[in-house]
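Heads up: the structure comes next, in structure tokens.
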Amino acid sequence: MPTPFIIHTGIFFNAIVSNIVGLTAVALAIFLLRRWKKLSPHMKAYGWFWLMTALVWLPTSYRYFLISMGGSEMAVYVMTIIGQLGVAATGPTLFYYLFKHLKINDVLTISFSVLAGLLGAIALLVDLQPGGIIMQPVTFFSAEIALNIFSLSIFFFVTTVIFFLVLRDIAYQYIKYKKQHDQSFIYEALYSVAIAIYLVLGSIEETGTVSGWPVVIFRSLYIATFLYVYIILEKSSSAINNYLVDSETTSS
């Protein structure tokens with residue numbers, strides 16, 4: 001059995017990797033939100049989504065730092081709850097982004113966004129109950145958590161609905177590209193591809209099934225996803241004038 005020092009050292013390394021994931025998400029969100037006045041409503045929601053992912057990863061990294069240095073259980077618990085708050089906050093932003101992107105009316109857009117927020121709040125309340133969050137066995141590199149079956153069911157229900165909306169959006173943008181031969185629709189489809197990748201990674205992460213040294217490699221995939229979005233943003237901005245400008249401004 002590895003010594004506590006070795007276990008703490010591995011978890012500290014995981015904390016650094018998770019911190020890089022969080023800071024990369026912050027950098028991506030800042031890149032988008034700095035252009036706030038020029039962003040369309042759906043791209044504003046897109047920027048907020050990536051900012052909420054930082055609310056997931058920064059507390060996660062701090063939780064690992066605390067565990068690696070023998071921090072108090074209460075502090076570890078608080079960081080865990082903040083991370084789950086970030087998970088709950090991503091749902092409304094994604095619904096708003098996808099409904100706006102798919103040109104669905106505002107009533108449904110707001111309704112589904114609020115519903116996602118309520119479901120996330122309910123799951124978070126259940127997480128706060130005894131046994132709501134279960135600490136997994138500590139390994140060389142990881143100290144993961146597992147959610148209660150109720151919260152996990154809500155998470156997968158919301159994620160599944162969003163995932164199918166993402167697939168519909170990708171198809172919708174591609175069809176518009178084939179009809180209009182406008183390159184901007186390809187970039188819009190690629191934005192949703194990034195969300196699909198993140199949802200798959202996040203779903204695996206939320207189940208707590210990945211542990212040990214694969215966790216570090218697995219989390220590097222998040223960094224690659226964020227960099228992918230940044231590259232697409234740069235390419236779309238240089239290839240298409242005023243791509244991020246509100247459609248109403250463009251039409252005028």
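Readers should treat all values here as calculations from the given coordinates under stated rules, not as data from a laboratory. Because the structure is predicted, anything quoted here is derived from the model rather than measured. Note that each Cβ is placed from the backbone with ideal geometry, even for glycine, and that neighbours are counted across all protein chains shown.
Observations on the structure shown:
- Charge dipole of segment 157-224 (Cα centre as origin; +1 on each Lys and Arg Cβ, -1 on each Asp and Glu Cβ, all else neutral): 220 debye, rounded to the nearest 20.
- Of Phe112, Leu32, Ala75, farthest towards positive along the dipole that unit charges on Lys, Arg, Asp, Glu beta carbons give segment 4-244: Leu32
- Lys, Arg +1 and Asp, Glu -1 on Cβ, resulting dipole of segment 10-138 about Cα centre, debye, nearest 20: 700 debye
- In plain terms, the residue of Lys235, Lys179 with the fewest other Cβ atoms within 10 Å comes first and the most crowded comes last, giving Lys179, Lys235.
- Springs between Cα atoms under 10 Å define the GNM used for the chain, and in it the highest mean-square fluctuation of Ser153, Ser236, Ser40 occurs at Ser153.
- Quick note on the chain: its Rg to Rh ratio, both from C-alpha atoms and Rh being the Kirkwood radius, is 1.00.
- Residues Glu205, Glu188, Glu73, sorted so that the one with the fewest Cβ neighbours within 10 Å comes first: Glu73, Glu205, Glu188
- Residue exposure proxy: Trp57, Trp213, Trp50, ordered by other Cβ atoms within 10 angstrom of their Cβ from fewest to most, comes out as Trp213, Trp57, Trp50.
- GNM flexibility winner over the chain from Thr160, Thr60, Thr80 (Cα, springs under 10 Å): Thr160
- Charge tally in the Cβ shell below 15 Å around Asn148, where Lys, Arg are +1 and Asp, Glu are -1, Asn148 excluded: -3
- Leading residue at positive end of dipole, segment 4-244 (Cβ point charges), from Tyr177, Ala89, Ser18: Tyr177
- For segment 105-187, the fraction of alpha-carbon pairs lying more than 18 Å apart is 63 percent, rounded to a whole number.
- Listed residues Leu58, Phe140, Ile231: farthest to the positive end of the dipole of the chain (Cβ charges): Ile231
- Loop trypsin sites (Lys or Arg not before Pro), segment 14-117 (other Cβ atoms within 10 Å of the site Cβ: 16 or fewer; DSSP): Arg34, Arg35, Lys103
- Fluctuation leader among Ser220, Ser68, Ser151 - the chain, Gaussian network, Cα springs under 10 angstrom: Ser220
- Unit charges on C-beta of K, R, D, E only; dipole of segment 100-181, Debye: 640 debye
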